[in-house]
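The values are calculated or read from the model by the stated rules, or taken from the named source; none is laboratory data. What you see is a predicted model, and the numbers here were worked out from it, not measured in a lab. Ideal geometry is used to build each Cβ from the backbone, glycine not excepted, and the neighbour counts take in all protein chains shown. What goes into the accessible areas is simple: the full protein's heavy atoms, side chains included, and nothing from ligands, DNA or RNA. Shrake-Rupley method; radii C 1.70, N 1.55, O 1.52, S 1.80 Å.
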Amino acid sequence: MKTKFYPFLIILLFAFSACQKTAKTSNAAILKRLHNLLDENEYFKLDAEFKSAGDKLSDADRLYFSAYLNNAFNRNEDCINNVDSLLQLSTKLPDSTKAALKRLQDDSYFKTYQYLKAAQCDSDILKNYSHSLKKDVADDIKNDLIIRNGLKNIPAQQTVIKANTTINWKKDRIGLINIPVTTHAQTVDAIFDTRANISSITQTYAKKLGLHMLDVTYNEGSGATGIQFKTGMGIVDSLYIGDILVKNAVFQVMPDSILYIAPIKFQLNIIVGFPVIEQLGEVHIFKAGKMTIPLAPVKDDLHNFALNGLDPVIALQSGADPLSFHFDSGAASSMLYQSYFNKYKAVVLKTATKKTVGFGGAAGTQKKEVWILPKLNLGIGGKTVSVDSVSVLTKPIVPGEKFYGNIGQDFTGKFSEVIYNFKYMYIKGVL
């Protein structure tokens, strides 16, 4: 019997094969793009493109990027579950990837005050995957493990908010927002600092306020200068911010000299940092010197706030470009990093003036050569404001710097009200 020849079937087979190859190429390009965005900490762009990719991603790839996005957008329990599911589903992942995922999980455990589980993650990485780590990464994990082990028997921080709360704030001599906090019947002024990864206090004030000291010493660094120093740790069993009770708040305990700014003879004593501020849920800061914390955070369509570890990140519009910056309520002025200089070098060299400027932070001050940009326009939620005389660095503060700068009070001070929402992850400015 002769076999019939069906030309149209051959054409269909060729077409199907071509479509398969195109789909594979397209999927590979999508994955490459998503990985590139993640490597650059472009969380907002990654989130948009991940949602667009939809079912073009495998189950493993969806879990992988979901873990990083859930961590970045403060959905920590989801991140923890994503990592567990992915490690069960994909047993052949490279050790370097497993180590990175366990470190991500450690971060989410720490941000949810599950210190023992965070310590177990770090121990697991060092025991099973240390061969895949660079020395500086391994050193960071060892340092984190000291902190987690020091806290592993400490109960989780809890914040009790029973009603809408209003407190008054004031600026200190160097322009930083101070709020009153009370513990053991003593009320003191504390700097309100979103970029302080852990709240901080001098040894003098730790003794004065009766902190429970832990037998822990580890390395810490200043975000403004990159200077490294040694610090200890203590616990405040009950801390009041207005009528809001914070239980088991963790504080770095530093020698007084570390928080002393010698050039202006100014002593910082206590800093309320991210872990305490985040549990407030939503904070409204009014220019007139009032701060309100609502009982229940309000949802909004604005999606411009993320976390890189414990560092808050804000997405702002710079001309036609959406850029990601560190967000720092404990900085009186903004600064732009080397990545901004590299991206807009021609404009900076044309319009800015070169100067040597002193930058202060924990452990001291540093002088850096910078370009002073006369004006920087930044947009948030459809509103644009101008910040004057912004420093542009030409060298990184720390290796591997990814963001475009550090946004401080010279930006937020342009608004009559600024809203920080840690549940739905947005920052909104009201003119």
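Miscellaneous remarks
- Scanning segment 251-265 for residues that are acidic (Asp, Glu) and either surrounded by fewer than 19 Cβ atoms within 10 Å (Cβ to Cβ) or at pLDDT 95 or above (or both) turns up at least one hit.
- Residues satisfying the stated conditions in segment 407-421, i.e. closer than 10 Å to residue 328 by Cβ and assigned to a strand (DSSP E or B): 407
- Scanning segment 305-318 for residues being closer than 24 Å to residue 414 by Cβ, surrounded by fewer than 21 Cβ atoms within 10 Å (Cβ to Cβ) and modelled with pLDDT of 95 or more gives a total of 2.
- Within segment 192-244, the residues that satisfy the criterion of being aromatic (Phe, Trp, Tyr) and surrounded by fewer than 21 Cβ atoms within 10 Å (Cβ to Cβ) are 218, 229, 240.
- Of everything in segment 366-393 that is within 15 Å of residue 341 (Cα to Cα) and hydrophobic (A, V, I, L, M, F, W, C), the residue that is surrounded by the most Cβ atoms within 10 Å (Cβ to Cβ) is 390.
- Taking residues in segment 30-59 that are free of Cβ contacts under 8 Å to residues at least 40 places away in the same chain and open to solvent by 40 Å² or more (accessible area, probe 1.4 Å), and partners anywhere that are assigned to a loop (DSSP other than H, G, I, E, B) and aliphatic (A, V, I, L, M), the pairs with Cβ atoms closer than 9 Å and at least 6 places apart or on different chains are 31/57.
- Answer residue from segment 131-145, given it is of a type outside the set (A, V, I, L, M) and either open to solvent by less than 40 Å² (accessible area, probe 1.4 Å) or touching a residue at least 12 places away in the same chain (Cβ under 8 Å) (or both) and is nearest to residue 105 (Cα to Cα) among those: 144
- If the condition is being aliphatic (A, V, I, L, M) and touching a helix residue (DSSP H, G or I) at 6+ places or on another chain (Cβ under 6 Å), then segment 40-99 contributes 46, 53, 60, 63, 67, 69, 72, 80, 83, 86, 89, 99.
- Being open to solvent by 50 Å² or more (accessible area, probe 1.4 Å), closer than 19 Å to residue 425 by Cβ and among the polar types (S, T, N, Q) is a property that does not hold for residue 74.
- The one condition from (1) in contact with a helix residue (DSSP H, G or I) (Cβ under 9 Å, 6 or more places away or on another chain); (2) surrounded by 17 or more Cβ atoms within 10 Å (Cβ to Cβ); (3) in a strand (DSSP E or B); (4) not aromatic (Phe, Trp, Tyr) that residue 428 does not meet is (1).
- Residue check for residue 373: over 26 Å from residue 298 (Cα atoms), in contact with a Gly (Cβ under 8 Å, 6 or more places away or on another chain) and not small (Gly, Ala, Ser): no
- For residue 244, the criteria (1) modelled with pLDDT under 95; (2) under 26 Å from the mean Cα position of the chain (by Cα) hold in every case but one, which is (1).
- Test set (1) without any contact (Cβ under 8 Å) to a residue 60 or more places away in the chain; (2) in a helix (DSSP H, G or I); (3) of a type outside the set (Val, Ile, Thr); (4) open to solvent by 30 Å² or more (accessible area, probe 1.4 Å) - residue 93 fails condition number: (2)
- Within segment 276-304, being open to solvent by less than 20 Å² (accessible area, probe 1.4 Å) and among the polar types (S, T, N, Q) holds for one residue alone: 304.
- Considering the conditions (1) of a type in the set (A, V, I, L, M, F, W, C); (2) within 25 Å of residue 266 (Cα to Cα); (3) outside any strand (DSSP E or B), residue 349 is excluded by exactly one of them, (2).
- Considering the conditions (1) in a helix (DSSP H, G or I); (2) out of contact with any His (no Cβ under 9 Å at 6 or more places or on another chain); (3) modelled with pLDDT of 95 or more, residue 47 is excluded by exactly one of them, (2).
- Spans of strands (runs of 3 or more DSSP E) in segment 128-214 with at least 2 residues among the hydrophobic types (A, V, I, L, M, F, W, C) and closer than 24 Å to residue 330 by Cα: 177-183, 186-192
- Applying a threshold of 8 Å to beta carbon distances and a minimum spacing of six or more residues, or different chains, the list of pairs starting in segment 186-203 at a residue that is free of Cβ contacts under 8 Å to residues at least 24 places away in the same chain and ending at one that is open to solvent by 10 Å² or more (accessible area, probe 1.4 Å) and outside any strand (DSSP E or B) reads 186/208.
- Residue match in segment 347-354 (condition: out of contact with any strand residue (DSSP E or B) (no Cβ under 6 Å at 6 or more places or on another chain) and in contact (Cβ under 8 Å) with a residue 24 or more places away in the chain): no
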